Amino acid sequence: GATFFSPELKPELWGNNATPATGGFHLTLGAGLTNIGSAPTPSSREASTINAENTLNWVKGSHSMTFGGSWTQVDLWLTNQTLVPTLAFGIASGDPAASIFNTTNFPGASNTNLNNARAIYALLTGRVTSISGNIRLNENTNRYEYLGAGTQRARMRELGFWAQDQWRWKPNFTINFGLRYELQLPFYPLNNSYLTATMADVCGISGVAPNGGCNIFQPGVMTGVKPTFKRFSKNTRAFNVDYNNFAPNLGIAWTPHVDSGFLRTLLGAEEGDTVIKAGYSIAYNRGGMSDFSDVFGANPGVTITTNRTEALGNLVMDGGPLPVLFSQRERLGPPAFAPELTLPFTEVVTGDVNIFDPNLQVPYAQSWTAGVQRKVTRDTAVEVRYVGTRHLAGWTAYNYNEINIVENGFLDEF
């Protein structure tokens, strides 16, 4: 079933008829005051699973065999929306009021006192320093809408086949062995909301190194390109198919029996007093859908930020003077944006590029187990068992912006 977060939120809760009336904005008050109401960001999501599986059991002589197959489909949708812009108060550079707050006008005031005074004055006079909003891609029209709803849709499928034999080789010795094959098909979108990139875009102007990484910490090496994004189109695979996912398993169970001597005392006088077991297996893992959707959802495309701030140079868009006041509603509109996505898309310099390795492998675990079980009394047994597991081909995120003191030569200075 779908999960809805804050479905009761509507734009009217921030309208002129609301209490308090915030003029269609979510206000960040500052000055140590609690903001009015919760964030205007309702969302909903669902990840549904369809599974079909069939097993055939065949008993022949000392063999008990099982054959089967399965088909799994996991569908995901996520819908997010920002209902109203978020507005923050402060004193911008160039505001005539900025020169008021000094120790001449406020003798003995500390920097903390002056900052608090600025924040209180800005709030009381309604001086606006930022208007935060976004545009989201309408999946039906493929056009961007200011404060519209954006929906991500995606799917993964998986096929599995297996054969297993429980062979009673001897009355006191059983062997279990089998093989399972897992074919995990890659994550792919069901609409055109996502954007993606290549390794060349991740490396940017530094360029891709011969080992597949980036030419980082090589001043003057600029063999790459400026990062851009392309559309992650409907039904396009996120990475290549990993075909070699065979999962064998082997297990033995032995109930030794000795008629006389020390071993009879150690192992027991009756059949089944002692059981020795051992096994080995491989199992493949399927990540959750958020492992994939979060990566592509972090790229621009579904959502593009459309803020107005002093740093962006668009706080004042009408050529008028500072300050921009909350009472001047005609000056508080959204910045200009293109309703059509222009490809290739160029992100701001502080943006991120998120992709998967095109040759991504399915992670798996190897497990070993060995144990001895010994009957002590008619209703008590003691068991000693060793279990070992090793996880292989696990996924990790490489962040080429992380602080690195090795390849950049800093560590060599010591």
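The values are calculated or read from the model by the stated rules, or taken from the named source; none is laboratory data. Computed from a predicted model, the values in this text were never measured in an experiment. Cβ sites come from the backbone with ideal geometry, for glycine too, and all protein chains shown count toward neighbours. Note: areas computed on protein heavy atoms with side chains; ligands, DNA, RNA excluded. Shrake-Rupley method; radii C 1.70, N 1.55, O 1.52, S 1.80 Å.
Among LEU332, LEU185, GLN152, flag the residue with its Cα farthest along the positive direction of the charge dipole of the chain, charges on Cβ as +1 for Lys/Arg and -1 for Asp/Glu.
Working it through, the farthest residue towards the positive pole turns out to be LEU185.
Remind me, what semi-axes does segment 253-353 give for its equivalent ellipsoid, largest first in whole Å, using sqrt of 5 times each Cα gyration tensor eigenvalue? Don't jump to the answer; show the numbers that get you there.
Numbers: eigenvalues 1198, 52, 22 Å².
Largest first, segment 253-353 gives 77, 16, 10 Å.
Taking segment 124-263, how much of its Cα-Cα pair set, in percent, is spaced more than 28 angstrom apart?
Numbers: 5830 of 9730 pairs.
Summing the P(r) tail past 28 Å for segment 124-263 gives 60 percent.
So, with +1 on the Cβ of K and R and -1 on the Cβ of D and E, and no other charges, what is the size of the charge dipole of segment 54-164 about its Cα centre, to the nearest 20 debye? Each step should come with its number before you reach the end.
On the way: 8 positive and 5 negative charges, 40 e Å.
For this selection, approximately 200 debye.
Mean-square fluctuation check for the chain, GNM, Cα pairs under 10 Å: which of ASP379, ASP273, ASP201 is largest?
Comparing ASP379, ASP273, ASP201 in the GNM, the peak value goes to ASP379.
Given 4 °C and 1.567 mPa s, compute D for segment 312-414 with the Stokes-Einstein relation, Rh being the Kirkwood radius over Cα pairs; round to the nearest whole µm²/s.
Details: Rh = 22.6 Å.
Estimated diffusion coefficient is 57 µm²/s.
Could you check which residue among PRO40, PRO300, PRO344 shows the biggest mean-square fluctuation in a GNM of the chain with a 10 Å Cα cutoff?
Looking only at PRO40, PRO300, PRO344, the biggest GNM fluctuation is shown by PRO344.
By DSSP, what percent of the beta bridges with both residues in the chain are antiparallel, rounded to the nearest 5? Don't skip to the answer; put the middle values down first.
On the way: 112 of 115 bridges.
Of all bridge pairs located within the chain, approximately 95 percent are antiparallel.
Let me see the pair-distance distribution of segment 1-146: every alpha carbon pair, 10 Å bin width, integer percents in order.
Bin by bin from 0 Å, the calculated values are 9, 22, 20, 16, 11, 8, 6, 5, 3, 1, 0.
Go from 0 up to the bin containing the longest alpha carbon distance in segment 326-373, width 5 Å each, and give me the % of pairs per bin.
P(r) for segment 326-373, in whole percents per bin: 4, 8, 9, 11, 10, 9, 9, 7, 5, 5, 5, 4, 4, 3, 2, 2, 1.
Given Cβ point charges of +1 (Lys, Arg) and -1 (Asp, Glu) and nothing else, what value in debye, to the nearest 20, does the dipole of the chain about its Cα centre take? Can you show the working numbers first?
Details: 29 positive and 32 negative charges, 140 e Å.
Its charge dipole is roughly 680 debye.
Between beta-carbons, use under 12 Å as the cut-off and find the net charge around ARG286, counting Lys and Arg +1, Asp and Glu -1.
Working: positive: ARG157; negative: GLU158, GLU182, ASP242, ASP291.
So the surrounding residues net to -3.
May I have the pair-distance distribution P(r) for segment 353-392, computed from all Cα-Cα distances with 5 Å bins from 0 and rounded to whole percent?
Pairs per bin, as whole percents: 6, 15, 14, 12, 11, 10, 8, 7, 6, 4, 4, 3, 1.
Quick check: from the Cα gyration tensor, does segment 184-229 come out rounded (a/c under 1.5), prolate or oblate? All intermediate terms of the calculation are to be shown ahead of the outcome.
On the way: a/c = 5.22, a/b = 2.11, b/c = 2.47.
Oblate.
Using the alpha carbon gyration tensor of segment 51-113, what are the three equivalent-ellipsoid semi-axes (square root of 5 times each eigenvalue), largest first, in whole Å? Please report the intermediate quantities before stating the final value.
Working: eigenvalues 1223, 66, 9 Å².
Output for segment 51-113: semi-axes of 78, 18, 7 Å.
Under the Kirkwood approximation for Rh and a Cα-based Rg, what ratio Rg/Rh is obtained for segment 74-186? Walk me through the numbers before you get to the answer.
Details: Rg = 32.3 Å, Rh = 21.2 Å.
Using Cα coordinates only, the ratio equals 1.52.
What order do VAL221, VAL241, VAL59, VAL208 take when sorted by accessible area (1.4 Å probe), most exposed first? Mind showing how you got there, number by number?
On the way: VAL221 45, VAL241 25, VAL59 105, VAL208 70 Å².
The most accessible residue leads, giving VAL59, VAL208, VAL221, VAL241.
Return an integer: the convex hull volume of the alpha-carbon atoms of segment 158-235, in Å³ per residue.
Hull volume normalised by residue count: 163 Å³.
Quick one: net charge around PHE246, please, counting Lys, Arg +1 and Asp, Glu -1 for every other residue with C-beta under 12 Å from its C-beta. Please report the intermediate quantities before stating the final value.
Numbers: positive: ARG180; negative: GLU182, ASP242.
That sum, taken over residues with Cβ under 12 Å, equals -1.
Put +1 on the Cβ of each Lys and Arg and -1 on the Cβ of each Asp and Glu in the chain; which of ASN404, PRO358, PRO20 then has its Cα farthest toward the positive end of the dipole?
Among ASN404, PRO358, PRO20, the one farthest towards the positive end of the dipole of the chain is PRO358.
Only sites in a loop by DSSP and with at most 12 other Cβ atoms within 10 Å count here; which GluC sites (Glu not before Pro) in segment 257-353 make the cut? Please report the intermediate quantities before stating the final value.
Values: sites: GLU270, GLU271, GLU310, GLU330, GLU340, GLU347; in loops: GLU270, GLU271, GLU310, GLU340, GLU347.
Filter output for segment 257-353: GLU270, GLU271, GLU340.
Pick out, in residue order, every one of the trypsin sites (Lys or Arg not before Pro) in segment 310-381 that is DSSP loop and has at most 11 other C-beta atoms within 10 Å; say none if there are none.
Working: sites: ARG329, ARG331, ARG374, LYS375, ARG378; in loops: ARG378.
Hits after loop and neighbour filter: ARG378.
What are the principal axis extents of the Cα atoms in the chain, in Å, biggest first?
Principal-axis extents of the Cα atoms in the chain, largest first: 104, 58, 53 Å.
To make sure I understand the rule: partners must be lysines, Cα under 30 Å from the Cα of LYS226, and not fewer than 8 residues away in the same chain. Which ones qualify?
List returned: LYS234.
Say the dipole of segment 165-234 comes from +1 at the beta carbon of Lys and Arg and -1 at that of Asp and Glu; which of THR223, MET199, PHE173 then lies farthest toward its positive end?
PHE173
List the chymotrypsin sites (Phe, Trp or Tyr not before Pro) in segment 381-413 that DSSP assigns to loop (not H, G, I, E or B) and whose Cβ has at most 14 other Cβ atoms within 10 Å. Which are they?
Working: sites: TYR386, TRP395, TYR398, TYR400, PHE410; in loops: TRP395, TYR398, TYR400, PHE410.
For chymotrypsin sites (Phe, Trp or Tyr not before Pro) across segment 381-413 that sit outside H, G, I, E and B with at most 14 neighbouring Cβ atoms in 10 Å, the list reads TRP395, TYR398, TYR400, PHE410.
How high is the relative contact order of segment 46-168, given as a whole-number percent (alpha carbon pairs under 8 Å, six or more residues apart)? Walk me through the intermediate numbers first.
On the way: 208 pairs, mean separation 45.8, N = 123.
About 37 percent, as a whole number.
Along its three principal axes, how long is segment 12-67 when you only count alpha carbons? Whole Å, largest extent first please.
So the extents along the principal axes, rounded to whole Å, are 82, 26, 12.
Picking from GLY220, GLY371, GLY69, which is most flexible by a Gaussian network model of the chain using Cα springs under 10 Å?
GLY220
Based solely on its DSSP helices, what 222 nm [θ] is calculated for the chain when runs of n ≥ 4 H residues each add -39,500 (n - 2.57) and the sum is averaged over all residues, nearest 500 deg cm²/dmol? Before the final figure, lay out each step's value.
Details: 4 runs with 34 residues, N = 414.
The helix-only estimate for the chain comes to -2500 deg cm²/dmol at 222 nm.
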